[in-house]
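Where a number appears in this text, it was derived from the coordinates with a stated rule and is not lab data. Bear in mind that the values here come from a model prediction, so they are computed numbers and not experimental data. Positions of Cβ are backbone-derived with ideal geometry, glycine not excepted, and every protein chain shown enters the neighbour counts.
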Amino acid sequence: MDYPTNIKLLLLQLVLDEQEKLAHDKKNLQLATLMTEPIVDANTLERFTKHPLAQLYAPDLHNLTVRGLRSAVRDLFDNGLPQTAGEPIPVTVVTLANYYYMQRIKELEQDQLPKLKEQIEAGLRELSAETKQ
């Protein structure tokens, strides 16, 4: 899945929500199993493709199928988590979502917020120059 981090995070959040609903509605499904082997269905697909964030950052998702979404989720699991010193962290919907959440925060702090700050400062300088005239 070659989409921005915010789209991957959105997908994982929606998948997590769906797994919790499934575990609650269908007592034969265990949440622990669903966290490592999520069920991705048409409902998840619809929620994902209709979400305003997905439509804004990945408009090509409107052609996505359930099979394609399952493949995207599987890719996220297959890519796993970066190796850290110590005990390996199990790959679950929650651990993946936490990882992509941290990635998104880094993107915002290191890239997008400095750019936004520069744009605001440039706008203020422009405004200041106009008012002096």
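A Gaussian network model of the chain, with springs between Cα atoms under 10 Å, assigns the largest mean-square fluctuation among THR95, THR65, THR84 to THR84. Taking Cα centre as origin and charging only the Cβ of basic (Lys, Arg, +1) and acidic (Asp, Glu, -1) residues, the dipole magnitude of region 86-133 rounds to 80 debye. What's the magnitude of the charge dipole for region 5-107 around its Cα centre, counting Lys and Arg as +1 and Asp and Glu as -1 at the beta-carbon? Answer in Debye, nearest 20. About 120 debye. For the chain, the alpha-carbon coordinates run over 73, 40, 25 Å along the three principal axes, in decreasing order. The residues neighbouring LEU29, those whose beta-carbon lies less than 15 Å from its own, together hold a net charge of -3 under the Lys/Arg +1, Asp/Glu -1 convention.
The HN-Hα couplings worked out from phi for region 10-24 by the Karplus form 6.51 cos²θ - 1.76 cosθ + 1.60 (θ = phi - 60°) are 4, 4, 5, 5, 5, 4, 4, 4, 5, 5, 5, 5, 4, 5, 6 Hz, whole numbers, x standing for Gly and Pro. Over the chain, DSSP H runs of length four or greater, each weighted -39,500 (n - 2.57), average out per residue to a 222 nm ellipticity of -21500 deg cm²/dmol. What number comes out for the charge environment of GLN110, summing +1 per Lys or Arg and -1 per Asp or Glu over other residues with Cβ under 13 Å away? Summing Lys and Arg as +1 and Asp and Glu as -1 gives +1.
DSSP loop trypsin sites (Lys or Arg not before Pro) in region 27-133 with at most 10 other Cβ atoms within 10 Å of their Cβ, which ones?
The qualifying sites are LYS27.
Per-residue 3J(HN,Hα) values for region 94-104, derived from phi via the Karplus relation 6.51 cos²θ - 1.76 cosθ + 1.60 with θ = phi - 60°, read 5, 5, 5, 4, 4, 4, 5, 5, 5, 4, 5 Hz in sequence order (x marks Gly and Pro). Dividing the mean sequence gap of close Cα pairs (under 8 Å, 6+ apart) by how many residues the chain holds gives a relative contact order of 30 percent. Cα axis of helix 66-79 to longest principal axis of the chain: angle in degrees, 0 to 90, nearest 10? Value to nearest ten degrees: 80. Between VAL40, VAL93, VAL66, the Gaussian network model of the chain with springs among Cα atoms under 10 angstrom shows the greatest mean-square fluctuation at VAL66.
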